[in-house]
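These notes are about the structure you will find just below.
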Amino acid sequence: MTRTYPVPELNTFEKIWREHPDQTHLETLTTVRYRGHDLPVQAMRVGNAPPSAPALLLTGGVHGLERIGTQVLLAFLKRFLQRLTWDQCLQAELTQLQLFLIPAVNPSGMLRHTRSNGNGVDLMRNAPLDAEDKVPPLLGGHRFSTRLPWYRGNNRRMEPEALALCQFVRKNLFSAPFSLVLDCHSGFGLNDQLWFPYAYSKRPMAHLAEIHALKELLQASYPQHFYVFEPQNLNYGTHGDLWDYLYLESLEHTRPFLPLTLEMGSWAWIRKNPFQMARLAGFFHPIMPHRLKRVLRRHLLLLDFLVAAVRSHEAWLPASVQKRRFHEQQALRDWYASGS
Ligand SMILES: [Zn+2]
């Protein structure tokens, strides 16, 4: 018997899984109980590549209001699995790439139409990590009240969804020779942005050369792409960012782990349809059907690019000391105003 959840995206995710039993494996990482509903946080593995293969993880729905991220991933997954039924190149590709999806990290937030989870905690402020510099009041994370957005939660105990995500990353990504995450959000600014760590610090990350090489590769592969690619801290700093926390932990290993956040610029949707402001969810989600379709299509190229870039990481990662130095200098000049 199939279960039905009060969050439509969870039903779509399970339906896709049931339709592709040979190519997918579904795992429940934790179950969150909210208002009498049991809501699973589920991870899907696509294909059967060994743990020695590089890994790509796609996540969405960390903020319950930003369900467009979940929907972009489900649209990608559907298309990807359909292609996998006949495309022999893609089938071969998946023997050399571990592909994982957690499209709805915060199902209770999706159910109650809030940014935070059912306990009123913002999962992207929930990691036990304080910012080095001053952060914007409230937005940067606070411990005043669960009634205000951006509440960080208890500093001794992470929320079950955040814990489950961290455990999944440690188990499946840290052991891969190279891994990359794309976490899909919406709601900040006019442009689509790709952010990399840090949120908690203005300092450059250790893998600056690798990130810069990825940016150059995207630029060379899709010169017409529209993403603004930069460190999150250039936009604003925060406490408790889960990707900062995991990235810092990953530095204990020698293998690169690159977490990226996609911020879909929803202000452009509002500019085109000011009536969206009347609905809170409209700030974070395109309401007009034609615009929704366009947003779903818009990011497929990026997702395809990341699949190829992760699988072929050895071809573009800067390997020599000279190449790393070159990319680091460019990156410092582009993003930190201190190239030397
Ligand atoms: Zn978000």
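The values are calculated or read from the model by the stated rules, or taken from the named source; none is laboratory data. Bear in mind the structure is a predicted one, so any value in this text is a computation, not a measurement. Quick reminder, even Gly has a Cβ in these numbers, built from the backbone with ideal geometry, and neighbours come from all protein chains shown. Quick note on the areas: whole protein, heavy atoms, side chains included, nothing else; ligands and nucleic acids left out. Shrake-Rupley method; radii C 1.70, N 1.55, O 1.52, S 1.80 Å.
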| field | Hits in the range 8-31 - residues which are more than 14 Å from Ser108 (Cα to Cα), acidic (Asp, Glu) and not in a loop (DSSP other than H, G, I, E, B) | value | Glu14, Glu19, Glu27
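Within the range 273-314, take every residue that is within 16 Å of the ligand (Cβ to nearest atom) and of a type outside the set (A, V, I, L, M, F, W, C) and give me the one that is modelled with the lowest pLDDT.
Taking the range 273-314 first, the residues within 16 Å of the ligand (Cβ to nearest atom) are 280-286, 295, 299.
From the residues that got through so far, the ones that are of a type outside the set (A, V, I, L, M, F, W, C) too are 282, 285-286, 299.
Numbers: Gly282: 65, His285: 68, Pro286: 72, His299: 93.
Only one residue tops the list, namely Gly282.
Go through the residues of the range 3-14 one by one and say whether even a single one is in contact with a Cys (Cβ under 7 Å, 6 or more places away or on another chain), within 16 Å of the ligand (Cβ to nearest atom) and touching a residue at least 40 places away in the same chain (Cβ under 8 Å).
Step one: filter the range 3-14 for residues in contact with a Cys (Cβ under 7 Å, 6 or more places away or on another chain), giving none.
No, because not a single residue in the range 3-14 is in contact with a Cys (Cβ under 7 Å, 6 or more places away or on another chain), within 16 Å of the ligand (Cβ to nearest atom) and touching a residue at least 40 places away in the same chain (Cβ under 8 Å).
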| said: Which condition from (1) closer than 25 Å to Gln98 by Cβ; (2) open to solvent by less than 30 Å² (accessible area, probe 1.4 Å) is the one that Asp192 breaks? | reply: (1)
| Residues in the range 68-79: is at least one open to solvent by less than 60 Å² (accessible area, probe 1.4 Å), within 16 Å of the ligand (Cβ to nearest atom) and under 21 Å from Glu249 (Cβ atoms)? | no
| note | By residue number, the members of the range 79-102 that are more than 15 Å from Met44 (Cβ to Cβ) and either of a type in the set (Asp, Glu) or not in a helix (DSSP H, G or I) (or both) are Thr85, Trp86, Asp87, Glu93, Thr95, Gln96
| task | Could you list all residues from the range 183-211 that are away from the ligand (no atom under 13 Å from the Cβ) and either in a strand (DSSP E or B) or of a type in the set (A, V, I, L, M, F, W, C) (or both)? | result | Leu190, Leu194, Phe196, Met205, Ala206, Leu208, Ala209, Ile211
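Quick grid of which residues meet (1) open to solvent by 60 Å² or more (accessible area, probe 1.4 Å); (2) within 14 Å of the ligand (Cβ to nearest atom); (3) under 30 Å from Gln219 (Cβ atoms); (4) under 15 Å from the mean Cα position of the chain (by Cα):
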{"residue": "Leu101", "(1), (2), (3), (4)": "no, no, yes, yes"}
{"residue": "Val105", "(1), (2), (3), (4)": "no, yes, yes, yes"}
{"residue": "Met110", "(1), (2), (3), (4)": "no, yes, no, no"}
{"residue": "Gly118", "(1), (2), (3), (4)": "no, no, no, no"}
{"residue": "Val121", "(1), (2), (3), (4)": "no, yes, no, no"}
{"residue": "Arg125", "(1), (2), (3), (4)": "no, yes, no, yes"}
{"residue": "Ala162", "(1), (2), (3), (4)": "no, yes, no, yes"}
{"residue": "Cys166", "(1), (2), (3), (4)": "no, no, no, yes"}
| field | Checklist (1) open to solvent by less than 20 Å² (accessible area, probe 1.4 Å); (2) touching a helix residue (DSSP H, G or I) at 6+ places or on another chain (Cβ under 9 Å); (3) within 16 Å of the ligand (Cβ to nearest atom) applied to Phe178, failing item | value | (3)
| note | Residue hits (the range 223-251; open to solvent by 40 Å² or more (accessible area, probe 1.4 Å), assigned to a loop (DSSP other than H, G, I, E, B) and modelled with pLDDT of 95 or more) are Leu251
| task | Would you mind finding the one in Ala49, Ala55 that is away from the ligand (no atom under 16 Å from the Cβ) and touching a Phe, Trp or Tyr at 6+ places or on another chain (Cβ under 9 Å)? | result | Ala55
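Could you run through the range 329-340 and say how many residues are part of a helix (DSSP H, G or I) and free of Cβ contacts under 8 Å to residues at least 40 places away in the same chain? Break it down into steps so the answer makes sense when it comes.
First pass over the range 329-340, keeping only residues part of a helix (DSSP H, G or I): 329-335.
Now drop any that are not free of Cβ contacts under 8 Å to residues at least 40 places away in the same chain, which leaves 329, 333.
Qualifying residue count, the range 329-340: 2.
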| message | Any residue in the range 316-328 that is under 16 Å from Lys215 (Cα atoms) sitting within a Cβ distance under 7 Å of a residue that is assigned to a loop (DSSP other than H, G, I, E, B)? List the pairs, counting only those 6 or more apart or interchain. | response | Arg324/Pro318; His327/Pro318
